[in-house]
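Below is one structure, written out as structure tokens; the observations come after it.
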Number of protein chains: 4
Amino acid sequence: MQLGLVGLGRMGGNMRERLRAAGHEVVGYDHNPEISDVASLAELAEKLQSPRAVWVMVPAGVTDATIDELAGVLGEGDIIIDGGNSRFSDDAPRAERLNEQGIGYIDVGVSGGVWGRQNGYALMVGGAQEHVERLMPIFESLKPEGEFGFVHAGPVGAGHYAKMVHNGIEYGLMHAYAEGYELLAASELVTNVPGVFKSWREGTVVRSWLLDLLDRALDEDPELAELSGYTEDTGEGRWTVDEAVRLAVPLNVITASLFARFASRQDDSPAMKAVAALRQQFGGHAVHKR
Amino acid sequence: MQLGLVGLGRMGGNMRERLRAAGHEVVGYDHNPEISDVASLAELAEKLQSPRAVWVMVPAGVTDATIDELAGVLGEGDIIIDGGNSRFSDDAPRAERLNEQGIGYIDVGVSGGVWGRQNGYALMVGGAQEHVERLMPIFESLKPEGEFGFVHAGPVGAGHYAKMVHNGIEYGLMHAYAEGYELLAASELVTNVPGVFKSWREGTVVRSWLLDLLDRALDEDPELAELSGYTEDTGEGRWTVDEAVRLAVPLNVITASLFARFASRQDDSPAMKAVAALRQQFGGHAVHKR
Amino acid sequence: MQLGLVGLGRMGGNMRERLRAAGHEVVGYDHNPEISDVASLAELAEKLQSPRAVWVMVPAGVTDATIDELAGVLGEGDIIIDGGNSRFSDDAPRAERLNEQGIGYIDVGVSGGVWGRQNGYALMVGGAQEHVERLMPIFESLKPEGEFGFVHAGPVGAGHYAKMVHNGIEYGLMHAYAEGYELLAASELVTNVPGVFKSWREGTVVRSWLLDLLDRALDEDPELAELSGYTEDTGEGRWTVDEAVRLAVPLNVITASLFARFASRQDDSPAMKAVAALRQQFGGHAVHKR
Amino acid sequence: MQLGLVGLGRMGGNMRERLRAAGHEVVGYDHNPEISDVASLAELAEKLQSPRAVWVMVPAGVTDATIDELAGVLGEGDIIIDGGNSRFSDDAPRAERLNEQGIGYIDVGVSGGVWGRQNGYALMVGGAQEHVERLMPIFESLKPEGEFGFVHAGPVGAGHYAKMVHNGIEYGLMHAYAEGYELLAASELVTNVPGVFKSWREGTVVRSWLLDLLDRALDEDPELAELSGYTEDTGEGRWTVDEAVRLAVPLNVITASLFARFASRQDDSPAMKAVAALRQQFGGHAVHKR
């Protein structure tokens, strides 16, 4: 089927290729003219037959502006799909705004990273049943082969919500492996730490795709000596904790994983300075001066 | 090759079958005569040609007694393998005791649970190179097919150490999924929680064997309505935290997962009663009476 | 000086008495006519000479409505003080709205609970220097005697912010004592748990007002047998964690304390049900059925 | 009464002075002859009339050796008191060894640090009732004035146990304040962070001796600019977590406080390097190279 695709960066560009390889007619727009199929969103709208479907795959910061501009060139019966990393709470207001113009809205959480073009993208979809059905040919081509990798999770917002929780879980999983790595590396007894991780890839309870990747990383750098622990976090981890607080759900593991990222970016911990100050006051404990 | 196998419960019994299917001659002993091949450890020793290898697969509480009894019927050049869930710190003293009699010792952390007979058992091995080499035919038959599932992790103790960390990681992984499950179940937005987990099995960053199992569980009971959250813990989780404390390694995620199991077994939290008492004292806050 | 006081509940009523005892002329309004000095906010405004100062001490849910109504009967040069448990982020928008009418705004975080009437109320104040100065006679009478118990923490919002962090710290302090209580109560060795807490009230590093209160509670009920651990949380704890997430500050202790309150209100943990389900799947572990 | 006192460092030296000021006859021994009253433990024993009481106040690492040596010069009916930071589990074996010679044993957890000489030392005592009674004149003089600061917590070991939990709580309290400090310092809104802490010293729920000390520290260095966050931990915090693991008590707050100290001593977190490695693998995320 026909699809407009706005945003042809690492994700969008790969998705265009995967969709074209599956036989779809994709009209792509990017602000970079070298990779764009059309010169403007208006031209993109013209090239598509009504009712149109346009997939937006742009950085979270410009999603609303992009959708608003797109709404100006689309019309009744068209559908906009947001496949970016939007916060789920932005979806309902957007859908409402578009609905006033008769434009449908679907939110899609997309997982798969740089591996998606080859393996397919896992899709978590929120929106009305009729809109989702219209887009199924696209979803079928983007998702991995086999029976998994796609879910219609609920109404508008549910797709980004599911993706948010996916990423929260991801934080926790990564940190569990990371803590195990640190403990093994600290042990005097285990002499072959990378070998232990490699061995776990089959037959164990902890086998997973992330474990496979950690093995790859240890193959390249057995002591991770080239890397710094300084680690960014993306919005999904923070939103997960915000939701935990709002819904009164105790998320000790995911929150600890997020906080560890915060701490990784500190040169020195202000909290620990306060602890050091207290120890100096009551115990005359020696403290480290800067 | 020939192998003595002591302990023919769920794990040992399946291992005997897997080894025999691979062509090994296994002489099994169990205190239950109905499943035992021999009437005593002495008879087991007689049936094996020197130098013998005897694999002990008994509950952790009786491992030392079993090994001591076994040492009484074995001799110079024989090897004892402990494949049970021993604490790694018990391995070196055992090896030393056996060494005085000329008996070798290997410790093996075994993962795979009830699935191991069919898929193979992941093996983490600690011990001297010469002892490990002698047992390789056995290890090759027990481990999963393919290149993974076996590691010689280091000297005596390293096998159980690696298994301990494996289980610590397992605690953290399970809890990360569990927290994601709780948040999704609490959300007003996601209407198809089991569908979300099922979809994640392909193409996502969080795909894993544990996720496959959680999907299975949700297929059987979509709201986990039949289960209680009361959850036991085994020694490995506790030993992991003890090691973290000993080695000054911050294991926030794994420890939180262990503590959540402790809390799951409490009818009411004594700590929270103290919090409630404090709130009543300073704020006149209403408290719940028992 | 003259002060209007809106809301004469447990907090507001006690504050009226403390202020009158200090010689101030307080005109109180409450929707309960039995305790109100005037019949309406309009009458309250009439009874005060311009420029007026009116302190609002109502539940957080009705603060904005109360302030808006009050703004309708006040005028240029008057000041509204919000002493309730507002979220700090509500203060700046309020101040802006009032500023358009020439009305000043001060936010005050008030600590002290039911003990405040006698001991004084600790006050954390946010607002413009000139507004704070005008109210100093009131602040001086409300605060405890001595050099502490009052701070002008910063511009509008800073008072509620400081109070929010105060309560976040309070959560952590309470939980630290509570954990110590639980461990002592679990110990086979310590036979006099209440005696241990009582002894700590002098000479120790952990002495505090909260410890005094815990000792009181243990005097009344040495095993806290009459209490349930079910514990509410107020907004400040949640806002503290939200701020930690927004500012990328790792607050492991305060967040764990908040999450423990969430967990205290669950009959069974959905997360632990998921853990139990996983254990059943991979290990054939016995699980507890509901 | 007469007391032998072994170890005249910062703690022991101050205690000797406090006891002498109270009229007791203290015979002190230290390996440093300049501060020692006697030349040897044998001379110390000679100078005391039977039945003797000797208080040992030496670093944990040499306590057992000191007690064993002391036992060689004492006899039936004498009592040894260990006031050092011993692990509670060392007490019972010691008491048993001494009991075979007819020597009694008391363990005392001592709190108060450098402030104890002036304010008194809080004492948590474990041992037999008859032994404790004999020492009461000493305890009365060491403890703070007033009704608090002393507890006979239980049999041998209970004193050190109570002190261990005291220190565990102390870790949690310190970290709660420290986190609040970090959040306030990160806020754009609060312009007077030291003033906020100072104000909390009266009238608030969070007032405590530790808060007084933090105020002192902020008076000296308002931004804690001179300090490093690098912070040691002493045995008690680790033993507390070990006990939590042994007794299945969830101590999230105290453990997080201990782990934060571990992390404060790391230049870079090995766990976070593993997280960074994973992010690089699956997302092509930019990572920081060392």
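Is there any pair linking a residue in region B:42-71 that is within 17 Å of B:VAL108 (Cα to Cα) to one that is among the β-branched types (Val, Ile, Thr) and in a helix (DSSP H, G or I), with Cβ under 8 Å and at least six apart or on different chains, and which?
B:ALA53/B:ILE138; B:TRP55/B:ILE138; B:VAL56/B:THR63; B:VAL56/B:THR66; B:VAL56/B:ILE67; B:VAL58/B:THR66
Before we move on, is B:SER208 within 14 Å of chain C (Cβ to nearest Cβ), surrounded by 20 or more Cβ atoms within 10 Å (Cβ to Cβ), in contact with an Asp or Glu (Cβ under 8 Å, 6 or more places away or on another chain) and not β-branched (Val, Ile, Thr)?
no
Of the residues C:ASP212, C:ASP219, C:ASP242, only one is out of contact with any helix residue (DSSP H, G or I) (no Cβ under 8 Å at 6 or more places or on another chain) and modelled with pLDDT of 95 or more; which?
On inspection, the qualifying residue turns out to be C:ASP212.
Would you confirm whether any residue within region B:258-272 is under 30 Å from A:GLU145 (Cα atoms), at pLDDT 95 or above and charged (D, E, K, R)?
no
Yes or no, residue by residue, for (1) closer than 19 Å to C:ASN252 by Cα; (2) out of contact with any Leu (no Cβ under 9 Å at 6 or more places or on another chain); (3) part of a helix (DSSP H, G or I):
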residue: D:GLY180; (1), (2), (3): yes, no, yes
residue: D:ALA185; (1), (2), (3): yes, no, yes
residue: D:PRO194; (1), (2), (3): no, no, yes
residue: D:VAL206; (1), (2), (3): yes, no, no
residue: D:ALA225; (1), (2), (3): no, yes, no
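Among residues belonging to region C:259-270 that are facing another protein chain (nearest Cβ under 7 Å) and in a helix (DSSP H, G or I), point out the one that is surrounded by the most Cβ atoms within 10 Å (Cβ to Cβ).
C:ALA260
Could you check C:ASP78 against (1) of a type outside the set (Lys, Arg); (2) out of contact with any helix residue (DSSP H, G or I) (no Cβ under 8 Å at 6 or more places or on another chain); (3) surrounded by fewer than 22 Cβ atoms within 10 Å (Cβ to Cβ) and say which number it fails?
Here C:ASP78 meets the rest and fails (3).
So D:ASN119 ticks every box in (1) within 14 Å of chain C (Cβ to nearest Cβ); (2) in contact with a strand residue (DSSP E or B) (Cβ under 7 Å, 6 or more places away or on another chain) but one. Which box is left unticked?
Here D:ASN119 clears every test but (2).
Going by the conditions given, is D:LYS273 touching a helix residue (DSSP H, G or I) at 6+ places or on another chain (Cβ under 9 Å) and either touching a residue at least 24 places away in the same chain (Cβ under 8 Å) or surrounded by 24 or more Cβ atoms within 10 Å (Cβ to Cβ) (or both)?
Answer is yes for this residue.
Counting only residues that are crowded, with 21+ Cβ neighbours inside 10 Å and outside any helix (DSSP H, G or I), how many does region D:86-133 have?
19
Please go through region D:188-201 and pick out each residue that is surrounded by fewer than 24 Cβ atoms within 10 Å (Cβ to Cβ) and either facing chain C (nearest Cβ under 7 Å) or under 30 Å from D:GLY83 (Cβ atoms) (or both).
If the condition is that a residue be surrounded by fewer than 24 Cβ atoms within 10 Å (Cβ to Cβ) and either facing chain C (nearest Cβ under 7 Å) or under 30 Å from D:GLY83 (Cβ atoms) (or both), then D:LEU189, D:THR191, D:ASN192, D:GLY195, D:LYS198, D:ARG201 are the ones that fit.
Would you mind telling me which numbered condition in (1) touching a Phe, Trp or Tyr at 6+ places or on another chain (Cβ under 8 Å); (2) more than 18 Å from B:GLY195 (Cα to Cα); (3) at pLDDT 95 or above A:ARG97 fails?
Here A:ARG97 meets the rest and fails (1).
Taking D:LEU183, is it at the interface with chain C (Cβ under 10 Å from one of its Cβ atoms), of a type in the set (A, V, I, L, M) and under 26 Å from D:ARG16 (Cβ atoms)?
no
Taking the criterion of being of a type in the set (Phe, Trp, Tyr), free of Cβ contacts under 8 Å to residues at least 24 places away in the same chain and within 14 Å of chain B (Cβ to nearest Cβ), would at least one residue in region A:76-97 satisfy it?
The answer is no; no qualifying residue exists.
If you check B:ASP219 against the conditions, is it within 12 Å of chain C (Cβ to nearest Cβ) and either surrounded by 19 or more Cβ atoms within 10 Å (Cβ to Cβ) or part of a loop (DSSP other than H, G, I, E, B) (or both)?
no
Looking only at region C:241-258, count how many residues are facing another protein chain (nearest Cβ under 7 Å) and either over 20 Å from D:ALA263 (Cα atoms) or assigned to a helix (DSSP H, G or I) (or both).
So the count comes out to 12.
Taking A:PHE148, is it among the hydrophobic types (A, V, I, L, M, F, W, C), outside any helix (DSSP H, G or I) and at pLDDT 95 or above?
It is true that A:PHE148 is among the hydrophobic types (A, V, I, L, M, F, W, C), outside any helix (DSSP H, G or I) and at pLDDT 95 or above.
The values are calculated or read from the model by the stated rules, or taken from the named source; none is laboratory data. Note that the structure is a prediction, hence the values are computed from the model and not measured. Ideal geometry is used to build each Cβ from the backbone, glycine not excepted, and the neighbour counts take in all protein chains shown.
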